[in-house]
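Enquirer: If you scroll down you'll find the structure; I have some questions about it.
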Amino acid sequence: MFEKEEEKLADYKNLFDHLETPDKALDDAILAGFQKAKAEEKRKYRRRKWIISLLAAAVVLVGFFTTIRLSPAFADYIKVIPGMEKIVDLIRDDKGKMLAIENDYYEKIGVSQEKNGMKFTIEGAIADEKNLVLFYKLESKEKVNTFRVEDPKLFGKDGEKINWGTASDDGRGVQTSKDGKSTFNGSLELSFESPLQTKTLELKAKVRGAEQTESFAIPFELKKEIKETKTYQINKAVTIEGQKITFIDATIYPIRIAVHVKMDQNNTKKLLNFDDICLVDENGETWNKIANGITASKISDDESIIYLQSNYFREPKELYLVLNKIQALDKDQAMVVIDTKNQKILKQPNENLFSSLYVGKDQINLKMRIIGKDYFDPIGTIKDGNGKEVNQLRKESSSNIDVKSLDIGIHIQDLQNIANPLSLEIAFFPAWINGQEKIRIK
């Protein structure tokens, strides 16, 4: 269909391969990259220096960092595949996925199913050993205001369900249009606990419109060779404001990087979120945290995986893990305890950000006062009065910037019969510890 890009970035790479980097220059480059990453993190939902120009039927993307320039071959790549500009638009804030596409690692699929005037198409995919990104298109004969993809399931060749550890959409799982649209584009990212064993797959999902819901089952096959992962052993510890953190290793997949971290059990604070963390190479080029999707997964109370954008298609001579700001709460403050019978908040962090508790038949509603510009779902796992984890059917949140509040809704089946009180683990909170650490991993 198109010629493989054989010379993309070759000249630039060769130039840097033969440069000698003095220690001071290296430190300056890393610091510059770190400062750039910090600035970009504060603009989570803004473009990261990607400029998209629509010329005729092509989208030509012009550099996201000073060391990257998309080649004419890449522009031709986008021209050849219909709808490719929509896919690029979905992932323009993820440097790793953009590099995967530029390096011909995107696979066109183009299979669909149509039911009662509604059509679901799997446009293409990017896959590695433990991650799968599916790009889809939803179409309707009539203009609709809302499309929602619900309950996705993946099955293998023999109809066996394939379980995943985490799943996320691109923030467009619920898509709305005030004036109505007939076409919506989105992506679904699945991460598996063990390597995917088959390339013959079937996606099942429900698509809900404003007045119509259809169930789809779409078989497809991955044909591209899945690239092997790269793993760097780190085994280095740092201490920030008295809190000890050990970085075990970094596993680099084409889709994302998984950094394994372990917190010392004797720490006085619970570390919630690594806000400022990135990879920086010897030239100061950075790879930030995942902006849209799963940013971390929990192994235990003191151990987790942090996900960064992938540098798989780069071969830097040196690679550093750089971190600064970490969300943290005193361990005895990192919980909201509620009495569901009497609808009372029994305990919460000293800042008293949570209020307006309401407990319905199968739902808990809370308000959280917003501090600062960034706000996310603050609730993680929930445990009942016996310490047993409670299954959350779904969770919703909506913000009101005018009154600086976040409304949180948690749906729990048979809530009235669950042992009281409930302990809601805090997963996001506006309190930080600060440091500046640089760990060489390559």
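The values are calculated or read from the model by the stated rules, or taken from the named source; none is laboratory data. From a predicted model like this one, the values you see are computed outputs, not experimental measurements. Cβ placement follows ideal geometry from the backbone for every residue including glycine, while neighbour counts extend to all protein chains displayed.
Enquirer: Does the stretch 222-232 hold any residues that are touching a residue at least 60 places away in the same chain (Cβ under 8 Å) and touching a strand residue (DSSP E or B) at 6+ places or on another chain (Cβ under 7 Å), and which are they?
Expert: Selection gives Leu222, Lys223, Lys224, Ile226, Thr229, Lys230, Tyr232.
Enquirer: So for the stretch 325-348 (the condition being within 22 Å of the chain's Cα centre (by Cα) and either at pLDDT below 95 or within 26 Å of Asn400 (Cβ to Cβ) (or both)), does at least one residue qualify?
Expert: Checked the stretch 325-348: at least one residue is within 22 Å of the chain's Cα centre (by Cα) and either at pLDDT below 95 or within 26 Å of Asn400 (Cβ to Cβ) (or both).
Enquirer: Name the pairs: first residue in the stretch 284-313 and closer than 23 Å to Met98 by Cα, second residue aromatic (Phe, Trp, Tyr) and in a strand (DSSP E or B), Cβ to Cβ under 6 Å, at least 6 apart or on different chains?
Expert: So the pair list comes out as Ile290/Tyr307; Thr295/Tyr307; Ile306/Phe274; Leu308/Trp287; Gln309/Trp287; Asn311/Trp287.
Enquirer: Go through (1) surrounded by 14 or more Cβ atoms within 10 Å (Cβ to Cβ); (2) at pLDDT 90 or above; (3) farther than 19 Å from Lys115 by Cα and name the single condition Leu138 misses.
Expert: Checking Leu138 against (1) surrounded by 14 or more Cβ atoms within 10 Å (Cβ to Cβ); (2) at pLDDT 90 or above; (3) farther than 19 Å from Lys115 by Cα, the one that fails is (3).
Enquirer: Give the number of residues within the stretch 192-220 that are within 17 Å of Glu160 (Cα to Cα), small (Gly, Ala, Ser) and modelled with pLDDT of 90 or more.
Expert: Going through the stretch 192-220 one residue at a time, the tally reaches 2.
Enquirer: Among the numbered criteria (1) surrounded by 14 or more Cβ atoms within 10 Å (Cβ to Cβ); (2) over 25 Å from the mean Cα position of the chain (by Cα); (3) under 30 Å from Trp287 (Cβ atoms), which single criterion is violated by Glu241?
Expert: (1)
Enquirer: Right, another one. Any idea which residue in the stretch 87-122 is farthest from Leu201 (Cα to Cα), counting only those that are hydrophobic (A, V, I, L, M, F, W, C) and assigned to a strand (DSSP E or B)?
Expert: That would be Met118.
Enquirer: Continuing with the same structure: Looking at the stretch 251-327, what strands (runs of 3 or more DSSP E) fall wholly within it and have at least 2 residues that are within 17 Å of Ile426 (Cα to Cα)?
Expert: 269-274, 296-300, 303-309
Enquirer: List the pairs whose first member sits in the stretch 331-356 and is touching a residue at least 12 places away in the same chain (Cβ under 8 Å), whose second member is assigned to a helix (DSSP H, G or I), and whose Cβ atoms are under 6 Å apart, counting only residues at least 6 apart or on separate chains?
Expert: Pro349/Gln333
Enquirer: Turning to a different aspect of this structure: Scan the stretch 286-311 for residues that are hydroxyl-bearing (Ser, Thr, Tyr) and surrounded by fewer than 16 Cβ atoms within 10 Å (Cβ to Cβ) and jot them down.
Expert: The answer is Ser297, Ser300.
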